[in-house]
Each structure stands twice: as structure tokens, then as C-alpha cells.
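Here is the structure we will look at, set down as C-alpha cells.
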Amino acid sequence: MSSSARVPAWYQRVPWHVIAFMAPAVVVYTVFMIFPLFDSLRLSLLAEDGAFAGLDNYARLLGDQNWAPRFFGALSNNLVFFLIHMIVQNGLGLLLAAILTTRVLRGRTLYRTAIFTPTVLSVVIIGFIWQLILSPLWGIAEGFLEVVGLGDLYLPWLGLSGPALIVVSLMSVWQFVGIPMLLFSAALLSISDEILEAARVDGASSTRVFRSIQLPLIAPTIGIVAVLTFVGNFNAFDLIYTVEGGLAGPDYSTDVMGTFFFRSFFGHQLQLGDATMGATVAGMMFLIILTGVLLYLLGLQRRLLKSQG
């Protein structure tokens, strides 16, 4: 009897080579992502003394006068932060991708590299550079605006509660616009040239080709970029902390869920850290992100079913 005949059939059907290659990544992801996630959710259900508190911490976060204003303020700022990225960053990324995928443009690779370069830089460096540029004492922003005749528009934006969040959002857009640009470029380049040439032969302009042919074909990529933007922006922390500090000033005007979680869990200056309430804030962040992703997946499923029906 051969050795293969003694091996059970189910054993032969198991893709052991796939398991062997995936096991290290699964173990690392479980230890550093899955376990901390569930442990954080467990911690959010406990009181400060370790007793089980159920949803009391969540009720306190949403209803207590010391927690609710800061939570809803951070949530509203995070929504503004996300919308600016969704509209400005992804819109600009799509425009750049459309321009840089044209066959007649020379130096396309150089332009893509220059636009993508800020993405690989440290967020601390980006924040420090922009603080120097916008500083009312030694920054070059005021002088630059005066050169182009717009000197009267200059203000210490990072020190004003109104424009501070918008300015920090635009800093982040400048740094990360290269990511949607590359994703959209890859999607546009994957479209067959025959389809585009046929449309041009029929008399369609470049704008009509992009609007009626290219844009619908890259719709799945647009959806993926939207989800990545949503998840990334509701985890935002480092740039705002670098530019405006842990209090996300001025007057909490740049406070987002990430900075609110940092202060709640670790404390900052005169505010003491509270591990259970910090975990509760993290739990709310998880629920918000999960809800957004599920809504996208449900919308995608409905669209697929509608197209098949």
C-alpha cells in the first residue's frame, strides 16, 4: 500500500502551503490588532474599579455634561475633516490622474513622483514645515501672498478657531493627494484603448469620453478610495497633534476623535487619563467606522444585485 493511500482524503484537500504562508501574518495581526480591539471593547464595559458596568460608560460619554460636548464636538470636526478630504483630496486626485494618464503629456512619471513624494514623508516633518510657512513671525506665507497681490487675505490661520480645522485639513490633503491619484491612474490606465479610440472616432470629445466612459468604468475604484478615506480620516491623529497639540486648539476647534481618544485615555496637562472612558471613545470610533463600511458594502451589494437583475 502506498503512503498516499494511507493519508485521509480531507488531509489531502487542505491547502497546507497556503496556511503555512499565511500563518505568520495571521498571528501578528491577531496579536497586535484583533486582541487589542476586543480587549479595548471589554475595557469599555468596565467601571474604574474593574466591576462590570455594561453600557454605562457609553451613556456617560453621550449624556454627561463633561464628556458629551467634547465627544460631539470631535465628531462634528471629524465629519468636516472627512468631507474636505472626500471632496478636495479625492476630486483633485481624480483630476490629476485624468491629466497624468493622457498619452501626449511629457514627463508624466516625474509629475507623479513629485506629487506622491509628500506621502512618504513623516507627518511630524510635514506639520513642522507648514507651521514654519504659516507662522506670522517668520513664515513665508504672508510675503508670498503680498507678491501675488493678496496680502490682505493673510491671517494667523492656525491660531483662529474658525479656519484652523480647514487649514489643517488642507495640509493633510496636500500630503496624501498622491494616494488617490495613483489609484485612479491605475484604474484609468486599465481601460482598453480600443474603447476610448472608438468613442473618439464617433466624435466624442475628451471631456465626454471621460464623463461617459472612463468615469463609470472606474466607479469601483472611486468607492474603494471613498472607504479608505473614511477609515483613514476617522483614525486621524498625528498631523493635528503635531500642529495643534493634544488640546487640538485653538479652543478644541481642530479636535477630532483621535485627539479626543488620546486625551481621554492618557490624559493631557491638567486632565487625568481614564482608561475605561478612553476605551469607550475607542469603541465609539470602531462603531462609527464599522457603520460607514457596512453601509458602503450594503450599497455595493444592492448595486450588484440591481445590475444582475
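Just one of the listed residues (L188, L170, L165, L158) is in contact (Cβ under 8 Å) with a residue 60 or more places away in the chain, surrounded by fewer than 18 Cβ atoms within 10 Å (Cβ to Cβ), out of contact with any strand residue (DSSP E or B) (no Cβ under 9 Å at 6 or more places or on another chain) and not aromatic (F, W, Y), and it is L170. Taken over region 123-137, the criterion of being outside any helix (DSSP H, G or I) and touching a Phe, Trp or Tyr at 6+ places or on another chain (Cβ under 9 Å) is satisfied by P136 alone.
Residues that are part of a helix (DSSP H, G or I) and buried (at least 16 other Cβ atoms within 10 Å of the Cβ) within region 87-108 comprise V88, Q89, N90, L92, G93, L94, L96, A97, A98, L100, listed in sequence order. For first residues located in region 280-309 and free of Cβ contacts under 8 Å to residues at least 60 places away in the same chain and surrounded by 16 or more Cβ atoms within 10 Å (Cβ to Cβ), partners that are β-branched (V, I, T) and assigned to a helix (DSSP H, G or I) and lie 6+ apart or on another chain with Cβ distances below 8 Å form the pairs I289/V231.
For region 243-270, a residue qualifies if it is over 26 Å from I166 (Cβ atoms) and in a strand (DSSP E or B), and exactly one does: G267. Screening region 92-103 for residues that are over 16 Å from I224 (Cβ atoms) and of a type outside the set (K, R) and picking the one that is farthest from the chain's Cα centre (by Cα) gives T102.
The residue list Y111, Y29, Y58 contains one member that is free of Cβ contacts under 8 Å to residues at least 40 places away in the same chain, assigned to a helix (DSSP H, G or I) and surrounded by 15 or more Cβ atoms within 10 Å (Cβ to Cβ), which is Y111. For the condition among the aliphatic types (A, V, I, L, M), exposed (fewer than 11 other Cβ atoms within 10 Å of the Cβ) and under 24 Å from the mean Cα position of the chain (by Cα), V18 does not qualify. Restricting to region 193-239, and then to whatever is outside any helix (DSSP H, G or I), within 28 Å of the chain's Cα centre (by Cα) and without any contact (Cβ under 8 Å) to a residue 40 or more places away in the chain, can you tell me which residue is farthest from G127 (Cα to Cα)? The selected residue is I218. Does S172 satisfy the condition of being part of a loop (DSSP other than H, G, I, E, B) and within 26 Å of the chain's Cα centre (by Cα)? Judged against the criteria, S172 is not a match.
Values quoted throughout were computed directly from the atomic coordinates according to the rules given, and no laboratory measurement underlies them. None of these values were measured; they are calculated from a predicted model. Please note: Cβ atoms are built from the backbone with ideal geometry, for glycine as well, and neighbour counts cover all protein chains shown.
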